[in-house]
1. Give the separation of the Cα centroids, segment 52-106 to segment 425-463, in Å.
2. Please compute, over every Cα-Cα pair in the chain, the percentage with a separation greater than 41 angstrom.
3. Label segment 486-576 by shape, choosing from rounded, prolate and oblate, from the square roots a ≥ b ≥ c of the eigenvalues of the Cα gyration tensor; if a/c is under 1.5 it is rounded, and otherwise prolate applies when a/b is larger than b/c, oblate when it is not.
4. Suppose R0 equals 41 Å. What FRET efficiency, 1/(1 + (r/R0)^6) with r the Cβ-Cβ distance, do GLU163 and GLN574 give to the nearest 0.05?
5. Using alpha carbon centroids, what distance separates segment 482-523 and segment 554-583, in Å?
6. Whole Å is fine, so just give me how far the alpha carbon centre of segment 162-194 lies from that of segment 203-272.
7. Just the accessible area for SER543, please: 1.4 Å probe, Å², rounded to the nearest 10?
8. With unit charges on the beta carbons (Lys and Arg positive, Asp and Glu negative) and the dipole taken about the Cα centre of the chain, which residue among ASN576, LEU119, GLY267 sits farthest to the positive side?
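The values are calculated or read from the model by the stated rules, or taken from the named source; none is laboratory data. What you are looking at is a predicted structure, and each value in this text was computed from that prediction instead of being measured. Virtual Cβ from ideal backbone geometry, glycine too; neighbours counted across all protein chains shown. Just the protein is used for accessible areas: all its heavy atoms, side chains included, with ligands, DNA and RNA removed. Shrake-Rupley method; radii C 1.70, N 1.55, O 1.52, S 1.80 Å.
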Amino acid sequence: MMQLDAKYKRIYLIILSISFLLFLSSCKPSETEVTDPTETIIPTEVTPMNLISQINLVTEHPKAYEKIEFELTDTETFKSLETNPFDYRDVHIQGVFTSPSGEVYAIPAFWYQDYEIVLNTSWTAPPNGISGRASTNPDEPQGLEMVNYIGDPHYRLRYLPEEAGLHTLHLEVKKEGVIVQILQTSVTIDEGTKDYKGVIKVEETHKRNFVFEDGSTFMPVGQNNAWYTSSTRQTEDYRVWFELMHDNFANFTRIWMGTWSFALHWGNAHDDFTSRLNQAARLDKVFDLAAEYDIYFMLALLNHGQFSAIVNPQWASNPWNEANGGPLSYPSQFFSHLGAKETYKQQLLYILGRYGYSTQVMAWELFNEVDWTDNFNSAIVYMWHSEMSQFIKENDPYNRMVTTSYKGHTGGAYQSPWIDFANPHSYDYTSKNIMVHLPPVLNNLFTQYNKPILQSEIGINWRNGTDTTAADPTGISLKQAQWAGIMGGGAGAAMNWWWDSWVHPNNLYYRFIGVGKYAQQMDMVGDYYDRLPALPGVHVSNSQTGLLGYRIDNRVYGYAFDNNWRHNYTTINQKNVTYRIPITTGAYSLSIYNTDSGEIIETRTISTFNDFLEFDLTFTEDIAFIIVEDNQ
């Protein structure tokens with residue numbers, strides 16, 4: 001069914017593109033950046049409606065690999081309609097772009113209120129913490145963030161051109177599912193300057209890691225930054241956090257559309273986002289900041305408390321609740337109520353239309369810890385995830401990954417073919433060495449699901465960042481989680497949760513430096529993928545130490561550590577350990593890395609003996625190394 005649906009949709013778009021190109025050749029458009037929109041005759045059995053009069057390019061200098069944006073001018077006829085512009089079942093405006101090479105991108109337009117976001121730095125009242133700790137650091141931007149609206153609301157269209165040249169636009173306007181208007185135009189895209197590698201995908205040979213479309217490895221290193229915590233500067237939080245993460249070689253985060261931050265339906269109605277357009281604007285800003293600081297992320301679309309009256313309960317104030325004018329009598333209906341599912345798909349279309357252009361989105365996360373919702377039914381929730389993830393893949397022209405999460409390691413939806421990778425959560429490391437105990441979890445989960453495993457929440461304390469600080473003020477467990485994730489069979493570094501109350505107030509960003517620099521050197525694409533702990537013939541001379549890492553073809557990435565070292569046990573002695581690793585006969589270069597700085601501290605040339613490399617390392621807590629063929 002998946003292949004048939006995708007096939008027919010592709011055929012339709014290709015036919016549409018060919019028809020449009022033939023139309024353009026007959027019209028001979030001028031050499032301007034954007035041609036005037038041309039009306040196309042629609043079938044005689046359909047009553048035409050003139051709902052859009054102009055397609056206006058907002059972007060001043062359109063370039064490849066950067067967002068370009070169009071404003072759609074609506075007519076008096078449109079204004080006279082009694083319509084909910086957030087419900088695509090009523091009015092659905094779709095832009096079908098065709099690139100110079102013939103690639104087709106079908107993108108929903110979205111209802112938009114223009115704005116400017118300003119920070120009033122004269123505001124001196126201290127902030128409150130929004131579900132977290134607000135920073136009052138005077139060396140950081142402080143003040144009151146305000147969203148000021150400009151002009152009248154209207155439709156917009158956003159597009160990420162992936163090549164330069166003449167791109168054509170076929171704008172299709174539907175009323176209640178019937179095409180009532182078609183406009184056509186084109187735009188010239190200049191060469192881009194951004195180092196664009198394409199969308200992030202699952203590495204298909206071994207299904208362990210992520211790669212860009214150009215085939216290069218993407219190794220996520222970072223933390224959760226789920227929402228802004230300052231009640232005053234609000235999304236300026238992200239400017240501060242992202243800059244510090246970028247400067248310390250972190251490249252990844254996780255953001256929630258939480259009810260106290262970016263949720264669209266947490267306003268006056270569950271299906272009308274008018275009162276939440278200020279929050280949609282703030283999320284625009286976060287996307288822009290992620291691009292500015294080169295931070296990739298997954299966007300969690302729903303949090304569990306919205307549909308729970310028990311765990312982090314928000315059901316009483318949820319607009320989906322019939323007590324508040326919504327369609328649902330109880331929370332678990334969200335997963336089975338046919339009307340609710342169709343209505344939520346309209347929100348997904350809005351999200352894809354408004355934010356789907358972003359080069360920084362690695363994945364859409366349907367739910368945070370979905371099994372905390374009331375009366376959780378695994379089978380029904382599995383079917384909901386399959387339906388919603390399939391819908392996203394059918395409507396996201398860039399075909400980004402889709403995932404979800406549960407409160408523990410496992411979850412039924414991870415079995416769905418539409419879910420691309422698993423997101424285990426655990427705070428069970430209070431007195432454990434993370435490097436010893438996390439890798440078996442990651443590898444058991446891979447065996448179970450046969451897809452990448454990204455530990456998207458990990459910690460030594462589930463209660464709060466204050467207790468975490470008391471237990472680990474210097475961030476030893478933060479460092480260990482990062483290295484255990486990238487070297488222990490995971491798809492990326494394991495991600496801490498207490499970003500606002502542990503990492504930021506204690507300035508622990510330096511813990512990302514070593515692992516971030518090292519991860520940039522990792523090429524996880526190859527014919528062969530072997531984990532060092534499971535590779536026959538690997539020998540470590542000291543049983544009190546562990547070894548994580550990989551042999552990828554004739555490259556070795558290794559991380560050695562003391563088994564006893566953990567955040568609450570730091571009295572570790574220096575040791576000299578001999579390692580023996582099987583590999584193809586030849587000469588190799590061994591680079592040894594400081595795990596805090598990410599710098600190479602020594603380079604050696606070593607050669608095989610009887611198809612083994614043997615070498616010694618001297619270290620206290622940990623050390624990392626990379627082995628490549630000497631001619632590389």
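1. Centre-to-centre distance over Cα atoms comes out at 43 Å.
2. Details: 60751 of 199396 pairs.
Summing the P(r) tail past 41 Å for the chain gives 30 percent.
3. Numbers: a/c = 2.58, a/b = 1.32, b/c = 1.95.
Judged from the Cα gyration tensor, segment 486-576 comes out oblate (a/c at least 1.5, b/c at or above a/b).
4. 0.15
5. 18
6. So the separation of the two Cα centres works out to 29 Å.
7. 100
8. Result: ASN576, furthest along the dipole toward the positive end.
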